[in-house]
Amino acid sequence: MVGTEANTARGDMTGAKALWATLANHGIHTVFGYPGGAIMPVYDALTFYPEMRHILARHEQGAIHAAEGWAKASGEIGVCLATSGPGATNLVTGLADAMLDSVPLLAITGNVASHLMGTDAFQEADITGITMPVTKHNYVVRDVADLPGVIAEAIRIARSGRPGPVLVDIPKDVQLAAYSGPIPAPHARPEMPAPNPDAVAAARDLLRGAQKPVMMVGGGSVDAAAELTALARAWDIPVITTLMGLGSFPASDPLWLGMPGMHGSVAANRAISEADVLLAVGLRFDDRVTGRVNGFAPHAKVIHVDLDAAEIGKIVRAHVPVRGDAAVVARALLDGAQPQARPEWKAQLEVWKARTALPETYGAGYGVKAVVDRLRPDDILSSDVGQHQMLAAQLARFERPRRWVNSGGLGTMGFGFPAAIGAALAEPGVRSVVIAGDGGFQMTLQELATLKMYDIRNVKICIINNSFLGMVRQWQELFHGKRYSEVWLGDSNPDFVKLAGAYRVPAYRATSAEDLPGAIDAWMNDPDSALLEVVVPHEHGVFPMVPAGAALNEMIETEPPRAPAARVTEEASQA
Ligand SMILES: Cc1ncc(C[n+]2csc(CCOP(=O)(O)OP(=O)(O)O)c2C)c(N)n1
Ligand SMILES: [Mg+2]
């Protein structure tokens with residue numbers, strides 16, 4: 001038995017050692033975390049498992065976003081550790097993030113000893129109570145005999161079906177207790193249930209009769225990219241990729257229409273508004289995608305394919321519900337594919353596609369485009385949250401899945417940089433590029449130290465510095481009479497180049513279209529991880545934009561002429 005071998009090689013087996021042995025048995029060799037009193041036995045046991053790589057973040061939020069970045073780039077489960085109380089509560093944002101984006105994640109927390117639980121002991125927090133709504137499942141392990149089995153089950157739950165975060169809370173005495181049982185092997189991945197053949201046949205019939213079909217693929221389609229691409233080409237159906245689905249269909253294919261929703265492309269939003277059949281795969285119709293729901297796809301019969309039955313019909317009526325794995329359903333629909341000549345629909349789509357305004361003058365969009373144009377197909381692009389994120393999603397051209405790492409559902413500022421570190425560790429051979437805003441970068445910038453500590457050399461950080469909480473400023477400009485309220489950062493922003501220097505991370509700066517190419521070259525060619533600050537004008541907006549509460553076909557396609565500058569902005573431009 002594996003447990004017996006481990007006993008002789010590593011001294012007496014304890015709950016804490018059994019935890020590491022179980023992780024190792026599951027092929028897990030990298031974890032992200034931060035120690036503390038209630039998880040000290042686990043950290044002590046770590047010294048007996050040199051094959052485990054523990055990445056010490058500088059904040060538990062950094063650790064969990066790095067674990068998410070690892071998972072989003074590789075498709076493998078991300079693992080993070082924290083101590084009780086404040087350590088555990090610092091994981092909450094990351095758990096909520098992983099829950100909304102269906103990220104397979106295992107979070108392990110220490111807790112106070114069993115006899116102290118419920119007494120308001122030092123650093124005690126009811127973390128299973130706190131995280132119940134933001135985890136797929138969570139556990140308190142009360143008996144050491146259960147510990148390895150619970151870890152194995154938690155990994156299975158996190159990975160299987162629709163993935164998600166699972167938290168296991170382990171009281172300190174359970175970590176220390178002697179363990180004499182076996183170390184479990186991984187659970188076999190459960191077979192996906194076959195989709196209902198009648199539903200597949202009904203979907204096929206709808207596609208056959210469609211005059212204006214469109215396919216829309218989301219985060220649940222990334223591992224079915226090959227099958228879905230073959231399906232779209234075989235039926236000759238144009239494809240829209242949501243923010244979470246970017247890369248599930250190659251951007252270079254003429255059938256690609258871009259991203260839908262609030263900052264989606266003209267082609268994607270108009271196509272949805274005109275379509276007669278919408279084949280939606282692995283997506284949950286987030287309100288940022290649908291706009292006003294009763295104006296969403298008003299002419300379309302909707303085929304909704306999803307693994308999670310709870311998503312089907314939740315927001316948008318599904319005329320043909322198909323519960324199943326995206327790849328399996330795509331293969332089923334590939335049978336009997338009938339490409340049809342639809343010259344009018346194709347011609348209309350080309351007209352809309354031509355209404356893609358690329359940024360021509362120096363600004364946030366110009367800077368983002370200059371960076372994403374330099375990406376190689378294998379490079380991973382992460383982003384933080386805000387205008388720069390929407391610009392990156394609009395302007396990057398992904399050819400394959402799992403190259404785009406962002407916080408889609410929760411919209412977590414501070415996500416991008418630590419996620420890029422996790423992605424860089426998952427794939428040391430590729431460049432892990434992150435685009436962040438001057439606001440969000442300051443939420444997790446302490447992870448610059450993590451880059452240094454592990455000599456991580458493939459992270460390229462780009463900060464689009466518009467001196468504002470730009471996305472909120474844009475809403476205030478458009479919908480609050482340009483009354484700028486608590487969004488100006490300019491005077492108090494750090495010197496980002498000096499800041500990087502303080503962490504001994506090489507840094508470069510561009511302030512104009514003229515010096516941007518040279519700065520990008522120097523930054524990209526630097527053999528180390530490096531930071532590039534792109535200083536841009538303060539007030540560019542992101543367009544197209546569907547105002548909150550409007551329907552997709554009510555989108556504002558291009559930036560409206562500016563109203564006279566408000567007082568704070570005058571101050572800003574003098575700064
Ligand atoms: C943790 C968190 N707090 C607040 C917000 C609300 N929010 C969304 S975008 C944004 C502004 C982001 O500013 P910055 O990072 O500079 O990016 P920019 O929009 O300027 O590109 C804010 C405050 C958020 N998404 N996440
Ligand atoms: Mg900003």
All Cα pairs of segment 52-204, percent lying beyond 23 Å
41
Rolling a 1.4 Å sphere over the protein heavy atoms, what is the accessible area per residue of segment 282-402, to the nearest Å²?
46
Kindly give the semi-axes, whole Å and largest first, of the ellipsoid equivalent to the chain, taking each as the square root of 5 times a Cα gyration tensor eigenvalue.
40, 32, 20
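Could you work out the local net charge near residue 416, counting Lys and Arg as +1, Asp and Glu as -1, over the other residues with Cβ closer than 13 Å to its Cβ? Write down the numbers at each step before the final one.
On the way: positive: 72, 460; negative: 68, 97, 384, 438, 447.
Summing Lys and Arg as +1 and Asp and Glu as -1 gives -3.
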Projected onto the charge dipole of the chain (unit charges on the beta-carbon of Lys, Arg, Asp and Glu, signs +1, +1, -1, -1), the Cα from 420, 25, 261 with the largest positive-side position is that of 261
Please check which bits of segment 201-230 a label hung off residue 340 would reach, taking the label as a point 7 Å along Cα-to-C-beta and the cut-off as backbone N under 13 Å.
204-214
Candidate lysines - alpha carbon under 28 Å from residue 369, same-chain residues fewer than 8 apart omitted
72, 346, 353, 460, 482, 498
What stretch of the chain, leaving out the sites themselves, is the longest with no GluC sites (Glu not before Pro) in a DSSP loop having at most 16 other Cβ atoms within 10 Å?
192-359
Per the charge dipole of segment 398-537 (beta-carbon charges, Lys/Arg positive, Asp/Glu negative, Cα centre), the residue among 497, 448, 411 reaching farthest to the positive end is 411
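Using a 1.4 Å probe on the protein chains only, how many percent of the accessible area of the chain belongs to carbon and sulfur?
On the way: 12000 of 22030 Å².
Of the solvent-accessible surface of the chain, carbon and sulfur hold 54 percent.
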Going Cα to Cα from residue 301, which aspartates and glutamates come in below 15 Å? Please leave out same-chain ones fewer than 8 positions away.
205, 274, 276
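The values are calculated or read from the model by the stated rules, or taken from the named source; none is laboratory data. Computed from a predicted structure; not experimentally measured. With ideal geometry, Cβ positions are generated from the backbone for all residues, glycine too; neighbour counts draw on all protein chains shown. Keep in mind that these areas ignore ligands, DNA and RNA; they rest on the heavy atoms of the full protein, side chains included. Shrake-Rupley method; radii C 1.70, N 1.55, O 1.52, S 1.80 Å.
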